[in-house]
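Engineer: Sharing a structure, written as structure tokens. Questions coming.
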Amino acid sequence: MKFFIDTANLDQIRDAQDLGVLDGVTTNPSLMAKEGIKGADRILKHYVDICEIVDGDVSAEVIATDYEGIIREGENLASLHPQIVVKVPMIRDGVKAIKYFSKQGIRTNCTLIFSAGQALLAAKAGATYVSPFIGRLDDISTSGVGLIEQIRLIYDNYGYETQILAASIRHTMHLIECAEAGADVATCPLNVITDLLKHPLTDSGLEKFLADYNKTNG
Ligand code: G3P
């Protein structure tokens, strides 16, 4: 399973990269705004800065919602750096644009996926990734992990190569359940990745090992 970090914060991206388990980064306009990144030039430069920190794919989202605008913006984003994946919303013109990008060899991440039908449509259009937002589904009392299971089944039935990028992951249980359900990628905040380290029996076990060592060697 690939781990992406879901942030535009360069320190957190460096931190995850330093851990040695990072496979890529996802951003969105809300995450860019949270870091105070505004203005077209600054936003584009920020994407390049992210690409220079990590080795893997970096999703950069278009703002346009019309076909021509998505194509224009997506081509510009893709030309920034070979690691850029163009993030396109699951709307009618977005699906048409994903089809166009796929023919051009431009990789895409179809975002704001909330149903199996949307994921099927994105795969048929040739999306490289689909991003089902599992936390936001849980928020409305619908199983986010259940959607990952549904998409996995459908993609495996037909051999779609589109990768399932589980997004809106809020805690380690989400991440583990997505791994069990066969998501190809999980994108999550840094704390969810580092929370995987934690177990009280690891802490107490290590404490005892060190105490025993010190008894005989101290
Ligand atoms: O990857 C999508 C993510 O940024 C949304 O997360 O927690 O706002 O639903 P959240």
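The values are calculated or read from the model by the stated rules, or taken from the named source; none is laboratory data. Fair warning: this is a prediction, and the values are worked out from it, not measured in the lab. Ideal geometry is used to build each Cβ from the backbone, glycine not excepted, and the neighbour counts take in all protein chains shown. All accessible areas refer to the heavy atoms of the entire protein, side chains included, with ligands and DNA or RNA removed. Shrake-Rupley method; radii C 1.70, N 1.55, O 1.52, S 1.80 Å.
Engineer: Could you tell me what percent of the accessible area of the chain is made up of carbon and sulfur, with a 1.4 Å probe and every protein chain present?
Structural biologist: Numbers: 5890 of 11140 Å².
The computed percentage sits at 53.
Engineer: 5 Å is the cut-off here: which amide hydrogens, built 1.01 Å from N in the peptide plane, fall below it relative to Asp57, excluding neighbours closer than 5 in sequence?
Structural biologist: Counting only residues 5 or more places away or on other chains, the set is Val25.
Engineer: Can you tell me the FRET efficiency between Ile176 and Asp11 if r is taken as the Cβ-Cβ distance and R0 is 30 Å, rounded to the nearest 0.05? Spell out each step's value before the answer.
Structural biologist: Working: r = 26 Å, r/R0 = 0.87.
Plugging the Cβ-Cβ distance into 1/(1 + (r/R0)^6) gives 0.70.
Engineer: Per DSSP H run of n ≥ 4, the term is -39500 (n - 2.57); total these for the chain, divide by its residue number, and report the mean residue ellipticity at 222 nm rounded to 500 deg cm²/dmol. Present the calculation step by step, with values, prior to reporting the outcome.
Structural biologist: Values: 11 runs with 122 residues, N = 218.
Helix-only estimate at 222 nm: -17000 deg cm²/dmol.
Engineer: Could you give each residue of segment 160-175 its phi-based ³J(HN,Hα) in whole Hz, using Karplus coefficients 6.51, -1.76, 1.60 with θ = phi - 60°, and x for Gly or Pro?
Structural biologist: Using θ = phi - 60°, the values come out as 5, 8, 4, 8, 7, 10, 5, 10, 6, 8, 10, 7, 5, 4, 4, 4 Hz.
Engineer: How many nm is it between the label spots at Glu68 and His199, if each spot is 7 Å from the Cα in line with the beta carbon?
Structural biologist: Distance between the two pseudo-spin positions: 5.8 nm.
Engineer: Here's something else I'd like to know. Under a Cβ-only charge scheme (Lys and Arg +1, Asp and Glu -1), can you give me the dipole magnitude of the chain about the Cα centre, in debye to the nearest 20?
Structural biologist: Working: 20 positive and 29 negative charges, 94 e Å.
So the dipole magnitude of the chain works out to roughly 460 debye.
Engineer: Measuring with a 1.4 Å probe in the full set of protein chains, what accessible area per residue, in whole Å², belongs to the chain?
Structural biologist: Values: 11140 Å² over 218 residues.
So the chain comes to 51 Å² accessible per residue, rounded to a whole number.
Engineer: Another question, then. Spelling out what I want: for every residue of segment 38-49, take phi, set θ = phi - 60°, compute 6.51 cos²θ - 1.76 cosθ + 1.60 (Karplus), and round to whole Hz; glycine and proline get x.
Structural biologist: So the J values, rounded to whole Hz, are 9, x, 3, 5, 5, 5, 4, 5, 4, 4, 5, 4.
Engineer: Cα-based count: Lys pairs in the chain below 15 Å, eight or more positions apart or different chains? Don't skip to the answer; put the middle values down first.
Structural biologist: On the way: Lys87/Lys96; Lys87/Lys99; Lys96/Lys124; Lys99/Lys124; Lys103/Lys124.
Close lysine pairs found across the chain: 5.
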